Amino acid sequence: MALSAHAFLFTISLAADTSRTARIMSMALSFLITLLTSRLFIGHMKREVSDRAWLAAFEKQYLPPLCQTHIKDWKFRTSIHPKKAGWMYPLFALPAFGVWRDGMMVLGGCALSVIGITIWKPALLENK
């Protein structure tokens, strides 16, 4: 949903006939969505790590080794066969949280850039 919101707000902001006020407001909202989404991801990651540790301890105590899926360091991720993943295999090496975090920061930076251009060089965004 956050990506859809960004797309919608950037569409509004970058339209040639959009007013300066509308550009600034839409990009301020886009930047706010960046911060809120990043905070949501951080909270989710924190709870996921806590749940994984609890599940690993539970499985170790109550389940046979064959059924213990929440193993330390997510070793099962290395079991993805390169041929099954195809050309997308290198993506598995990237940490999902880091990719999303950095991607959201890029969108937030773009929103701040549009605000700056709107204030100091508005002619760049006008239809000529």
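Please give me the summed charge of the neighbours of F58: other residues whose Cβ is under 11 Å from its Cβ, Lys and Arg +1, Asp and Glu -1. Present the calculation step by step, with values, prior to reporting the outcome.
Details: positive: R52, K60; negative: D51, E59.
Result for the neighbourhood of F58: 0.
Just read off the accessible area of V99 with the full protein assembly in place, 1.4 Å probe, to the nearest 10 Å².
80 Å²
Mind listing the phi-derived Karplus ³J(HN,Hα) values for the stretch 29-46, rounded to whole Hz, using 6.51, -1.76 and 1.60 with θ = phi - 60°, and x for any glycine or proline?
5, 4, 5, 4, 4, 4, 5, 5, 5, 4, 5, 4, 4, 4, x, 4, 5, 4
For labels at A57 and A123 in the simple 7 Å Cα→Cβ model, what's the distance in nm?
Label at A57, label at A123, 6.5 nm between them.
Full-extension gain between F92 and T11, please, as 0.36 nm times their residue separation minus the C-alpha to C-alpha distance. Mind dumping the intermediate values first?
On the way: separation 81, 0.36 × 81 = 29.16 nm, distance 3.13 nm.
Here the segment from F92 to T11 would lengthen by 26.0 nm.
Quantify, in whole percent, the carbon and sulfur part of the accessible surface of the chain (1.4 Å probe; protein heavy atoms only).
Details: 6820 of 9710 Å².
Of the solvent-accessible surface of the chain, carbon and sulfur hold 70 percent.
Suppose all protein chains stay in the model; what accessible area per residue would a 1.4 Å probe give for the chain, in Å²? Write down the numbers at each step before the final one.
Numbers: 9710 Å² over 128 residues.
Per-residue accessible area for the chain comes out at 76 Å².
What are the equivalent ellipsoid semi-axes of the stretch 19-65, built from the alpha-carbon gyration tensor (square roots of five times its eigenvalues), in whole angstrom, biggest first? Write out the running numbers ahead of the final one.
Working: eigenvalues 392, 8, 3 Å².
Over the Cα atoms of the stretch 19-65, the ellipsoid semi-axes are 44, 6, 4 Å.
At a Förster radius of 35 Å, what calculated FRET efficiency corresponds to the Cβ-Cβ distance of E48 and K83, to the nearest 0.05?
Numbers: r = 29 Å, r/R0 = 0.83.
It comes to 0.75.
Mind listing the phi-derived Karplus ³J(HN,Hα) values for the stretch 86-96, rounded to whole Hz, using 6.51, -1.76 and 1.60 with θ = phi - 60°, and x for any glycine or proline?
x, 5, 8, 3, x, 5, 5, 6, 7, x, 4
Given an 8 Å cut-off on Cα distances and at least 6 residues of separation, report the relative contact order of the chain as a percent.
Value for the chain: 41 percent.
The values are calculated or read from the model by the stated rules, or taken from the named source; none is laboratory data. The shown structure was predicted, so the numbers you read here are calculated from the model rather than taken from an experiment. Because the Cβ atoms are built from the backbone with ideal geometry, glycine has one as well, and the counts that use them run over all protein chains shown. With ligands, DNA and RNA removed, areas are computed over all heavy atoms of the protein, side chains included. Shrake-Rupley method; radii C 1.70, N 1.55, O 1.52, S 1.80 Å.
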